[in-house]
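Take a look at the structure set out below.
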Amino acid sequence: QGLKPIVSTESPALIIGTTSKLASDLPATDSFLGKNKVPDLQKLFQKADGLPVHLKRGVPDKLLYRTTMALTIGGTIYCLVALYMASQPRNQ
């Protein structure tokens, strides 16, 4: 006899089989999407210039990186000071 399938192998009937609008009826998207920048950015990021990828776009990336590092180091120092102050007994 063999094994019988538990679930039916027939595909169920489509509930929503048609679209309400045809693709030709939709408005053109070229007017608000602008130019495709992906190929230009791929060339920029794949260039072998020795820079890490998070600094390849110049000054804005450097500024963002340095701000992030400053906030991280500042937050770490703040947490260490707060832990030190919390570990000291209070004088009454």
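Each value in this text was obtained by applying a stated rule to the coordinates, not by laboratory testing. Just so we're clear, the structure is a prediction, and the values are computed from it rather than from any experiment. Neighbour counts run over all protein chains shown; Cβ positions are idealised from the backbone, glycine included.
At a glance:
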read-out: Selected from 64, 53, 80, residue furthest toward positive end of dipole (the range 43-92; charges at beta carbon); value: 53
read-out: Projected label distance in nm at residue 82 and residue 57, using a 7 Å step from Cα toward the beta-carbon; value: 3.1 nm
read-out: Charge context of residue 62, other residues only, Cβ under 15 angstrom, K/R +1, D/E -1; value: +1
read-out: Formal net charge of residues neighbouring residue 45 (Cβ-Cβ distance under 14 Å; K, R +1; D, E -1); value: +2
